[in-house]
1. Let's test this: bin the Cα-Cα distances of region 128-208 at 5 Å from zero up to the farthest pair and state each bin's percent.
2. Among 105, 78, 1, rank each residue by its count of other Cβ atoms within 10 Å, from fewest to most, as a rough exposure measure.
3. Of all the Cα-Cα pairs you can form in region 93-252, what percent are over 20 Å apart?
4. With a 10 Å radius around each residue's Cβ, average the other Cβ atoms per peptide and rank 173-180, 83-90, highest first.
5. Residue 86 to residue 124: FRET efficiency via 1/(1 + (r/R0)^6), r the Cβ-Cβ distance, R0 22 Å, to the nearest 0.05?
6. By per-residue mean of other Cβ atoms within 10 Å, what is the highest-first order of 108-115, 207-214, 188-195?
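Just so it is clear, none of the values below were taken in a lab; they were calculated from the coordinates. Since this is a predicted model, take the numbers as computed values, not measurements. Cβ atoms come from the backbone with ideal geometry, glycine included; neighbour counts cover every protein chain shown.
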């Protein structure tokens, strides 16, 4: 089923529960111990505070009307989940080295400044493909990655599948997963505990990504307004990651 743009927007921008709570406490001036310290560059927006406030009003008791029994129409989804478990096991068996390098796909769980203070932590990780190391320590040239959003693919997207490009972690990257060769960025990786290695793209496929990146950019607003809007969501994510990387550049001056 094709993801809606609103679903994708929420997945990209919803904060983690603890990040939202920390922002709510900062915004209200409440002095309560939180799991981590927020950076002065933390994204404390009203929408993040509202999410935390809403979470406080959600009843924790389960709805007795919920029907948890397995229905015949649920079987295809169950088969898919079991296949994902098999794919995850195959990926774990590779014991992929998490050392940053060209072709490594990462799931970045949080962004912190040089002192370890939190800038952003999403409910879901930010996924990137590392392409080339820059001259700055810990800073890489990369592209955004999208899980199971191939319905929005264009000429500058490279779609990967477990059959042809696996194994990679389907729970972190989805299957299929899509590389946005049109959305380059700089990513700073100061703390290895903040990201997970999720897969490795072959040299042949990296060449395909490079060719897609060099392709002429189509006029999205005329050809496909929906894809244009889709790209806008990921351009915003790239800006967030770039702002984090800019801290590495400023620290070097």
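1. 3, 14, 25, 26, 18, 10, 3, 0
2. Neighbour counts put them in this order, fewest first: 1, 78, 105.
3. Values: 6116 of 12720 pairs.
Value for region 93-252: 48 percent of Cα pairs lie more than 20 Å apart.
4. Ranked by mean Cβ neighbours within 10 Å, highest first: 173-180, 83-90.
5. 0.45
6. Packing proxy ranking, top to bottom: 108-115, 188-195, 207-214.
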